[in-house]
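The values are calculated or read from the model by the stated rules, or taken from the named source; none is laboratory data. Bear in mind the structure is a predicted one, so any value in this text is a computation, not a measurement. With ideal geometry, Cβ positions are generated from the backbone for all residues, glycine too; neighbour counts draw on all protein chains shown. Each accessible area value is taken on the protein alone, full model and side chains, heavy atoms only, with ligands, DNA and RNA left out. Shrake-Rupley method; radii C 1.70, N 1.55, O 1.52, S 1.80 Å.
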Amino acid sequence: MDVLTILFFVFGCLTVDVRGIMFKLEPNGQKCLKEELQSDVLVTGDYEISDVPGQKVDYSVKDSKGHILSQKDDISKGKFSFVTETFDTFEVCFASRVPSHQRGVAHEVSLITKRGVEAKNYEGLGEAAKLKPLEVELKRLEDLSDAIVQDFALMRKREEEMRDTNESTNSRVMYLSIFGMCCLLGLATWQLLYLRRYFKAKKLIE
């Protein structure tokens, strides 16, 4: 096994982002899958719906603001793709439609999603650019390394944000504790003075 193959295997294991799921979609029901994605990320999906006579299934892909990125009615098997414009939460929804006079049966839905490097078609890219297989592998390896750098940069950014949040929370808790202690000391002082005046009024103390 040469060095290029070893490096490609290592980088591939670190950044492979292929996800598959299978679930049942109840009659006249809807099921959505949500995920947070960074900007400029290519996402592709392959879906397959079990056939039930008289019933239909629709799908849609939306962002958190309700903008439709992909949509199709009466599906059975196919693909979809979109590119994210901003960091946001995206959802893929499947909805079942059953006529009122028909007894509904649950659909089986199979969905495989890919994002980032894994969603790119390097074979088509190589054919279009007339690249050799080794050049295609090098291009993919380059993209994988870029993806790793971006992932580590994102992780570091989130770590810094979490650390800043923790420090801010600790400072607020400290100030709140000091304020609480001051309130307790003030209350204790007031109670002491009040009791002193009360006992003097009752001539229990001089």
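Summary of computed values
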{"read-out": "R0 of 45 Å, Cβ-Cβ distance Glu127-Asp164: FRET efficiency to nearest 0.05", "value": "0.40"}
{"read-out": "Cα lying deepest toward the dipole's positive end in region 140-206, options Phe152, Met181, Ser171, charges on Cβ", "value": "Met181"}
{"read-out": "Volume per residue of the C-alpha convex hull in the chain, rounded to whole Å³", "value": "267"}
{"read-out": "Accessible area (Å², per residue) of the chain, counting only protein heavy atoms and a probe of 1.4 Å", "value": "74"}
{"read-out": "Carbon + sulfur, % of accessible area of the chain - ligands and nucleic acids excluded, 1.4 Å", "value": "57"}
{"read-out": "Additional length obtainable on full extension of the chain from Arg172 to Leu192, 0.36 nm per residue less Cα span", "value": "4.2 nm"}
{"read-out": "Pair Lys56, Val83: separation of 7 Å Cα→Cβ label points (nm)", "value": "3.2"}
{"read-out": "Per-selection metrics, region 18-124 (Cα): Rg and Dmax in Å", "value": "14.6, 48"}
{"read-out": "Approximate shape of region 72-160 as ellipsoid semi-axes (Cα gyration tensor, √5λ), whole Å, largest first", "value": "37, 22, 10"}
{"read-out": "Extended-chain gain in nm, criterion 0.36 nm per residue less alpha-carbon gap, Met155 and Met22", "value": "44.9 nm"}
{"read-out": "Summed residue charge, Cβ within 12 Å of Ala153's Cβ, Lys/Arg positive, Asp/Glu negative", "value": "-1"}
